[in-house]
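In what follows, a structure is listed as structure tokens, so that the remarks can point back to it.
Derivation of every value follows stated rules applied to the coordinates shown; laboratory data play no part. Because the structure is predicted, anything quoted here is derived from the model rather than measured. Note that each Cβ is placed from the backbone with ideal geometry, even for glycine, and that neighbours are counted across all protein chains shown.
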Amino acid sequence: MKPLKPSHREKKRYLFISGADANQKEIDKAILSFVGILGYAKASPQLIRTVKRKLVLAINRSELDKVRASFLLSGKDIRIEKVSGMINK
């Protein structure tokens with residue numbers, strides 16, 4: 001099977017998340033409660049790695065504003081420290 005062309009791949013943004021409530025369960029719950037199941041599928045969040053109480057979450061580029069809003073409106077202690085287009089930066 002041929003790999004996808006770069007123009008057909010999803011463009012990802014990487015969020016560096018910290019906070020007392022920053023875990024996979026709370027992040028999923030916050031996104032689902034704000035954007036619903038269809039918005040969750042469009043955002044396609046994937047936990048990449050955990051580094052010293054910080055998480056790296058990959059999401060679809062077009063849904064970045066909705067994911068940020070869901071963290072703000074959730075009332076939990078989930079903060080976005082940095083947003084990057086490359087995981088190494």
task: Please give the helix 64-73 orientation as an angle from the longest Cα principal axis of the chain, in degrees from 0 to 90, rounded to the nearest 10.
output: 10
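Count neighbours as other Cβ atoms within 10 Å of each site's Cβ, and list the GluC sites (Glu not before Pro) in the chain that are DSSP loop with at most 15 such neighbours.
Answer in residue order: Glu10.
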message: Which entries of Lys29/Lys76; Lys12/Lys52; Lys12/Lys42 have Cα-Cα distances beyond 18 Å here?
response: Lys12/Lys52
field: Relative contact order (%) - the chain, alpha-carbon pairs under 8 angstrom, separation at least six
entry: 44
- line: Longest principal axis of the chain (C-alpha) makes with the long axis of helix 24-43 (C-alpha) an angle, in degrees to the nearest 10, of 40
message: Neighbour counts of other C-beta atoms within 10 Å: give me Ser18, Ser62 arranged from fewest to most.
response: Ser62, Ser18
message: Calculate the FRET efficiency for Gln24 and Lys2 from the Cβ-Cβ distance with a Förster distance of 22 Å, rounded to the nearest 0.05.
response: 0.10
statement: Computed about the Cα centre, the charge dipole of the chain from +1 Lys/Arg and -1 Asp/Glu charges at the Cβ has a magnitude in debye, to the nearest 20, of 460
